[in-house]
Each structure stands twice: as C-alpha cells, then as structure tokens.
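The values are calculated or read from the model by the stated rules, or taken from the named source; none is laboratory data. All of these numbers come straight from a predicted model, not from anything done at the bench. Cβ placement follows ideal geometry from the backbone for every residue including glycine, while neighbour counts extend to all protein chains displayed. Heavy atoms of the whole protein, side chains included, go into the accessibility calculation; ligands, DNA and RNA do not. Shrake-Rupley method; radii C 1.70, N 1.55, O 1.52, S 1.80 Å.
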Amino acid sequence: MKVERIPTLGDNYTYLVIDEATNEAAVIDAPELAPVVKAIKATGVTLTKILSTHHHWDHSGANAELAEKYGAPVYGHASDHDRIPGFTNGLEEGDRIKVGNLEAEILFIPAHTRGHIAYVFPEAVFSGDTLFAGGCGRLFEGDPEMMNTALNEKLAKLPDATAVYCGHEYTESNLKFALAVESGNEELQRKMESVQKRRANAASDWHDATPDEMTIPSTIAEERATNPFMRVNSREIIASIQKQFPDTATDPVTILGHVRAMKDSF
Ligand code: ZN
Ligand code: FE
C-alpha cells in the first residue's frame, strides 16, 4: 500500500491510496479537482473509487467532477446519501471495500457529523475530521458521548502501529492546546518539538507543501500518548479540568466534554 498526501484548500489533506500490485487507487476526501488530477497523472494510477469520510464540502466538493472524469463510484455513509456530492454507494459499520487487492473496513464514528466514517486498512486509518493528530473535530452534529465512543472505544483500539491519516494539517495548534492541559507529558513535549521543526519553513501556499513539512501520518500509539481527547483518564488532564470545574464528575465522557469545550474557546 502506498499513500500520496495531496495538500488541498488551505490546510486540508486529500489522499490517494494506491495498490501497487494492480496500480488501482482510491481518492479520499477530495474538495478540489486540479490537485487530484495532477497527482493521478504523476503517479500513473487508475482511479477506481472516490471515498468521503463525511459530507462537509472540504471533504467531498470535487466528488461529482471526479466521478464524471474517471467514471468512478462515490462512497460515503449510507445516511449521507442526500448530502455527499455525487453519492452512489452507501457504507455501514463493518462493510468492506476493495482498492485493487487492498481492503478497508468501515468504522462508523458519528460525532463531528452524524454520518462520519473511517476507512481502516490493515496498516492505516483515514479518520477525516474525527481524529486529528493531537486533537479531534468539533461536535457539530454529535455530543461528547459519541466522540468518546469514536475515539476511545473504536479508534484507540486499532493496533498501535496503525498510521493515522486525518483531514487537516492542524497538528501544531492542536499540540499547543494539548500542552496547555497536560504540560508535564514528556512524549507530548517531544512531539511538539519535532512538529515545530517540520512546520518552521512551511510554504506560504499549502498547495506547495512538501512531504517534509507535513506532520501526517501520526500513529494510533502516538495519539494515545499525546492526544488530550484520547487521554481522558490522565491525572494531569483531569486536574486541569478540575481547576476550572472543581465539582465536575471525572468519567471519560464528562472530561472529554470539558476538554472539547476548552479547545473550542482556546
Ligand atoms: Zn468536517
Ligand atoms: Fe474538514
């Protein structure tokens, strides 16, 4: 399996998942046609599927144009049939789809939107706007309980080495917030150092970004060690929340809700 990271819009990631054995590829979360066409030409792959993690236009806006140009079907969660552009094929939790000889399993992880899914390949998960490196998506259509299920009962249980390919290059600002609630986490401190090095000379136009300045992929192990939304049992994070809410309950859902609310206004 090979993954091409395509910088799109201002900070979005679009991915080309390539099966090198058959030269077939799927595109994941395409908001812009031109950069995807360019990557398909450069790699010489045959595009056979168009996949969206959720309906937001910055993850699906180019689906219809791509479908027309390449004659490929468009996949998303079945419940989003009327709001994912170009939608043809509905997916549910546990469904499997093939890209050449590669196979992904679908995880249903509603919270950022009510139809959000992840594509889980044996070595890599495409997590859209649910799990970011160092953060998670805003709760537009779900609640803390749904996000806790998505992050801590589903995604966190994938194998440690699974590469995490998320929807946006938000890592540096996510880690700034993470350090504000868990400054004593040494692995987090080290990750921030390496992320800042990568981002120091970033291109002013994200479309021109090179692999050197991309902080994605992360891994499930790294996220469990550094992402505050996956660390709702951390004593330091709970203590940070209790400084503002002395009488708060400390169960994972309540803590995640507080962390999310703090991040929203950080
Ligand atoms: Zn989104
Ligand atoms: Fe997004």
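Got at least one residue in segment 169-191 being among the small types (G, A, S), outside any helix (DSSP H, G or I) and under 18 Å from the mean Cα position of the chain (by Cα)? Break it down stepwise before answering.
Initially, segment 169-191 is screened for residues among the small types (G, A, S), giving 173, 178, 180, 183-184.
Filter once more, so that each one left must be outside any helix (DSSP H, G or I): 183-184.
Adding the requirement that they be under 18 Å from the mean Cα position of the chain (by Cα) leaves none.
Looking through segment 169-191, none of the residues is among the small types (G, A, S), outside any helix (DSSP H, G or I) and under 18 Å from the mean Cα position of the chain (by Cα).
Among the candidates K154, K197, K176, single out the residue that is in the same structural domain as A111 (by TED's automatic domain parsing) and either in contact (Cβ under 8 Å) with a residue 60 or more places away in the chain or away from ligand 2 (no atom under 16 Å from the Cβ) (or both). Break it down into steps so the answer makes sense when it comes.
On the way: K197 fails: in the same structural domain as A111 (by TED's automatic domain parsing); K176 fails: in the same structural domain as A111 (by TED's automatic domain parsing).
Answer to the check: K154.
Suppose the filter is assigned to a loop (DSSP other than H, G, I, E, B) and open to solvent by less than 50 Å² (accessible area, probe 1.4 Å); does G76 pass it? Outline the logic, then answer.
Working: assigned to a loop (DSSP other than H, G, I, E, B): no; open to solvent by less than 50 Å² (accessible area, probe 1.4 Å): yes.
So G76 fails the test.
Can you tell me which residue in segment 157-179 is nearest to ligand 1 (Cβ to nearest atom), limited to those that are closer than 18 Å to S234 by Cα and open to solvent by less than 10 Å² (accessible area, probe 1.4 Å)? Steps first, answer last, please.
Taking segment 157-179 first, the residues closer than 18 Å to S234 by Cα are 157, 174-179.
If we keep only those that are open to solvent by less than 10 Å² (accessible area, probe 1.4 Å) as well, we get 174-175, 177-178.
Details: N174: 15, L175: 20, F177: 18, A178: 20 Å.
So the residue we want is N174.
Residues in segment 62-69: is at least one away from ligand 1 (no atom under 16 Å from the Cβ), surrounded by fewer than 16 Cβ atoms within 10 Å (Cβ to Cβ), in contact (Cβ under 8 Å) with a residue 24 or more places away in the chain and not in a loop (DSSP other than H, G, I, E, B)? Write out each step before concluding.
Applying the first criterion (away from ligand 1 (no atom under 16 Å from the Cβ)) to segment 62-69 yields 64-69.
Restricting the remaining residues to those that are surrounded by fewer than 16 Cβ atoms within 10 Å (Cβ to Cβ) gives 68-69.
From what is left, the residues that are in contact (Cβ under 8 Å) with a residue 24 or more places away in the chain are 69.
Next cut, not in a loop (DSSP other than H, G, I, E, B) only: 69.
So far as segment 62-69 goes, yes, one or more of its residues are away from ligand 1 (no atom under 16 Å from the Cβ), surrounded by fewer than 16 Cβ atoms within 10 Å (Cβ to Cβ), in contact (Cβ under 8 Å) with a residue 24 or more places away in the chain and not in a loop (DSSP other than H, G, I, E, B).
Taking the condition closer than 23 Å to G90 by Cβ, surrounded by fewer than 18 Cβ atoms within 10 Å (Cβ to Cβ) and either in contact (Cβ under 8 Å) with a residue 12 or more places away in the chain or away from ligand 1 (no atom under 15 Å from the Cβ) (or both), does E103 pass?
Considered against the rule, which asks whether it is closer than 23 Å to G90 by Cβ, surrounded by fewer than 18 Cβ atoms within 10 Å (Cβ to Cβ) and either in contact (Cβ under 8 Å) with a residue 12 or more places away in the chain or away from ligand 1 (no atom under 15 Å from the Cβ) (or both), E103 comes out as yes.
Need pairs with beta-carbon distance below 6 Å; first residue closer than 12 Å to V259 by Cα and within segment 233-244, second modelled with pLDDT under 95 and of a type in the set (K, R); sequence gap 6+ or separate chains.
Cβ pairs passing all conditions: none.
Go through V3, V37, V17 for me and flag whichever is under 22 Å from S218 (Cβ atoms), open to solvent by 10 Å² or more (accessible area, probe 1.4 Å) and either outside the structural domain of V74 (by TED's automatic domain parsing) or β-branched (V, I, T) (or both). Even if it seems obvious, please write down each step before you answer.
On the way: V37 fails: under 22 Å from S218 (Cβ atoms); V17 fails: open to solvent by 10 Å² or more (accessible area, probe 1.4 Å).
Just one listed residue meets the conditions, V3.
Which numbered condition trips up E141, out of (1) within 16 Å of ligand 1 (Cβ to nearest atom); (2) under 30 Å from K38 (Cα atoms); (3) assigned to a loop (DSSP other than H, G, I, E, B)?
Exception for E141: condition (2).
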